[in-house]
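Encoded as structure tokens, the structure appears first; notes follow it.
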Ligand SMILES: Nc1ncnc2c1ncn2[C@@H]1O[C@H](COP(=O)(O)OP(=O)(O)OP(=O)(O)O)[C@@H](O)[C@H]1O
Ligand SMILES: [Mg+2]
């Protein structure tokens, strides 16, 4: 193992982040305005320079300041129904257990029918089952009430921006692409439109994590991660999720560790994330947290308690951090989280002007509009063909 590391911090105190241990994942936390985004941008740039590609959903539109590293905008970014786990979709749609069981049947019918990609594809299967009670009864746990809830949820989902997210899928294997000079490519996913709908944001991220879990081979600890995935506003993943979803996410986070994927979560307070997840995020960057209310103080205490001790009062340290300063603890080459130290993160100006304009690679667009266009046409045909053809297929399948 090569034990390469990147240095974090400016001035006399610098912390070393071994790339081979980045698969123990990372959490960047701090109050609003404390410097998380600036730290995140600095981190992403150093990773790309060191040859680690990054997937960077930009939910607030404030990550455009990335400089000096090759960037690629993933627009449009699409996912496909047949690659999604129906349980993930149920969680994103906020379905109950009964409704989720019905959605699972919609999915299995859709998958057997072949072209099952867009929201229209999902809806036509659900509609066909809804209008054919006897067929639905034959298939088992299909509840008509659930079907209408699902159809309503799909409509709301589509109206909040979901339609544009479905179609010919983005290939996650391309997220490991390197630039010609060996630097990691930063794949920026402009996700500002998703922020108003946490479920859309969660679904898009979970899709990427699901796909990485199934597509990337097991590789143990690599010299450096295959790819780093940034999950900003991480609390959005958990806002509306059930205990099962939380368990599923934690399981994925654990699996991705041995698939060479490094996850970098950013949120205001460590208390925003489930404790089982916190235990998986061993690299930590803690910016200032205020303690104006009892809830704030609890958050500071959680932050302090989930860091290794350093002999000083971590609660006082976290409350007293200046803007741009952070208490950091990284996993050392032996796999042990280091004693936390306070470092000064590089200021935004140094970050943004480190090199010329980001290199965009027009020869390899991240997704193909023409392909997506063809698919929309195909989806249109399925609808025009109407429920009849679909019904015939479902009947044939359920009999056969
Ligand atoms: N390392 C730094 N050195 C100097 N100034 C900094 C540094 N980090 C942040 N700042 C200043 O603080 C401002 C806010 O920082 P930043 O946007 O990173 O906060 P944040 O924690 O991401 O806030 P929010 O939760 O609202 O997104 C920056 O615009 C910059 O002026
Ligand atoms: Mg920010």
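The values are calculated or read from the model by the stated rules, or taken from the named source; none is laboratory data. This one's a predicted model, so the numbers in the text were calculated from it and none came from an experiment. Cβ placement follows ideal geometry from the backbone for every residue including glycine, while neighbour counts extend to all protein chains displayed.
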key: Residue, modelled with the lowest pLDDT, within the stretch 1-34, restricted to residues that are more than 16 Å from ligand 1 (Cβ to nearest atom) and in a loop (DSSP other than H, G, I, E, B)   = 1
message = Condition first: surrounded by fewer than 19 Cβ atoms within 10 Å (Cβ to Cβ) and at pLDDT 95 or above. Now tell me which residues in the stretch 50-62 satisfy that.
response = 50, 51
message = Looking only at the stretch 161-210, count every residue that is under 23 Å from residue 40 (Cβ atoms) and assigned to a helix (DSSP H, G or I) and tell me the total.
response = 18
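Test of understanding: among 76, 53, which residue is away from ligand 1 (no atom under 13 Å from the Cβ), within 24 Å of residue 237 (Cα to Cα) and in contact with a helix residue (DSSP H, G or I) (Cβ under 6 Å, 6 or more places away or on another chain)?
Just one listed residue meets the conditions, 53.
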key: Selection count where residues are assigned to a loop (DSSP other than H, G, I, E, B) and either within 15 Å of residue 16 (Cα to Cα) or within 16 Å of ligand 2 (Cβ to nearest atom) (or both), scope the stretch 43-62   = 5
key: Wholly enclosed helices (runs of 4 or more DSSP H) of the stretch 226-307 bearing at least 1 residues in contact (Cβ under 8 Å) with a residue 24 or more places away in the chain and under 22 Å from residue 33 (Cβ atoms)   = 294-305
ask   = Can you spot a residue in the stretch 231-248 that is away from ligand 2 (no atom under 16 Å from the Cβ), more than 28 Å from residue 71 (Cβ to Cβ), assigned by TED's automatic domain parsing to the domain that holds residue 53 and in contact with a strand residue (DSSP E or B) (Cβ under 6 Å, 6 or more places away or on another chain)?
value = no
request  = Evaluate the following for residue 47: is it surrounded by 23 or more Cβ atoms within 10 Å (Cβ to Cβ) and more than 15 Å from ligand 1 (Cβ to nearest atom)?
outcome  = yes
query = Which condition number does residue 37 fail, the rest of (1) crowded, with 22+ Cβ neighbours inside 10 Å; (2) within 14 Å of ligand 1 (Cβ to nearest atom); (3) under 21 Å from the mean Cα position of the chain (by Cα) being met?
reply = (1)
